[in-house]
Ligand SMILES: NC(=O)c1ccc[n+]([C@@H]2O[C@H](COP(=O)([O-])OP(=O)(O)OC[C@H]3O[C@@H](n4cnc5c(N)ncnc54)[C@H](OP(=O)(O)O)[C@@H]3O)[C@@H](O)[C@H]2O)c1
């Protein structure tokens, strides 16, 4: 059990959480909508079940990464409930099997450790064997604010897990996505893109060796999530495959496992004032994965089930192009 909060810890936790809540409020006042993207009938309170009510996904296949926990688990549950065959991935086959077995509908567990590119390739190969086409690739798995710099083959862990692993997985599964009637890549980013370095991606510090700050590293990886989607959407123009990204809101899940205990305790006390339920947190990603009206919508960023323009480095196409070529360089032996 956690020790009781002292006054300083309560203030620190409260300040951090209040900032998150305030930011959410500020954003709502400043939302700028992109031209030509339809607004949906849903909002911040909608759940993943709400946004799929009446949608029959029978005959479709969806892959969800991080399906054993939080938003990924809820997404898998609802997609399967609506009739999709869901390939639920987790870091181990045991975790994936347990998660898949606990939901109603057709699911297939597959192991996927995003920091191990052999595992990513093995997952993609297995998926190709399971299904000739893939209607939805939901890149959901992630880690947040790992306290000390950890590297995998010289690259910092947030960047590898949250971006590079999904970049490689998507590239390997493009033939299956292209073979689908209307393939969709959905990448779960975060409002934490605002914590990324001012210039965007620190290409000269991808190891984190020069300086490492957990919030910045997480923010950079989440900025990378959307930049990847922008460049992917550009490259997919003229095909039926779309790519979009989203921020889900603030939701109590296992994502906060590395946060200080007093911040977690404070969230449990005051989080209800601005946090979403897991059911509502999963809504925007499931909406992007399934809403028929989004069949031709690609390259956009969403929150609360609607598109908005995030501005700044998030819309820097030169940065997106550089991220693409750098990501290719870092994964090249595994790309084909
Ligand atoms: N919760 C929020 O408030 C919030 C806000 C903004 C954005 N997001 C984003 O939402 C997504 C889902 O997060 P969540 O809140 O549902 O968190 P979560 O409950 O911690 O789920 C994260 C999932 O990612 C998996 N994962 C972590 N490292 C992995 C790796 N190396 N290889 C494969 N899978 C890995 C985890 O597996 P294990 O369980 O085995 O570790 C887990 O299944 C993340 O991308 C996160 O950045 C969440």
Exercise for the section: Quick one: plug the Kirkwood hydrodynamic radius of region 136-192 (C-alpha pairs) into Stokes-Einstein at 4 °C, 1.567 mPa s, and report D in µm²/s. Expected result: 102 µm²/s
Exercise for the section: With a point put 7 Å past each Cα toward its Cβ, work out how far residue 325 is from residue 203 in nm, to one decimal. Expected result: 0.7 nm
Completion exercise
In nm, the gap between the two label points placed 7 Å beyond Cα toward Cβ at residue 106 and residue 318 is 4.9 nm
Practice task
Counting helices only, and only those DSSP H runs with n ≥ 4, report the 222 nm mean residue ellipticity of the chain as the sum of -39,500 (n - 2.57) divided by its residues, in deg cm²/dmol to the nearest 500.
Solution key: -13500 deg cm²/dmol
Exercise for the section: With an 8 Å cut-off on Cα pairs and a minimum separation of 6 or more residues, tell me the relative contact order of region 88-219 in percent. Expected result: 26 percent
Fill in the blank from the handout: Quick note on 116, 329, ordering by fewest other C-beta atoms within 10 Å, gives 329, 116
Completion exercise
By the mean-Cβ-within-10 Å protection proxy, highest first, 171-183, 293-305, 195-207, 219-231 rank as 219-231, 293-305, 171-183, 195-207
Problem - For the chain, fraction of C-alpha pairs farther apart than 30 Å, in % - result: 30 percent
Problem - Rg/Rh for region 195-247, where both radii come from Cα atoms and Rh is the Kirkwood radius - result: 1.10
Problem - region 76-218: antiparallel DSSP beta bridges as a percent of all, rounded to 5 - result: 20 percent
Problem - DSSP beta bridge pairing in the chain, given as percent antiparallel to the nearest 5 - result: 15 percent
Completion exercise
Contact order relative to length for the chain, counting C-alpha pairs under 8 Å separated by 6 or more residues, stands in percent at 23 percent
Practice task
May I ask for the distance between the Cα centers of region 132-169 and region 295-320, given as a whole number of Å?
Solution key: 20 Å
Fill in the blank from the handout: The whole-number value in µm²/s of the Stokes-Einstein translational diffusion coefficient for region 173-286, with Rh from the Kirkwood sum over alpha carbon pairs at 20 °C and 1.002 mPa s, is 132 µm²/s
Completion exercise
The alpha-carbon center of region 54-72 and that of region 230-273 are separated, in whole Å, by 16 Å
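Every read-out reported here was derived from the displayed coordinates using simple, explicitly stated rules and does not represent laboratory data. Keep in mind that what you see is a predicted model, and the values were worked out from it rather than measured. Cβ atoms come from the backbone with ideal geometry, glycine included; neighbour counts cover every protein chain shown.
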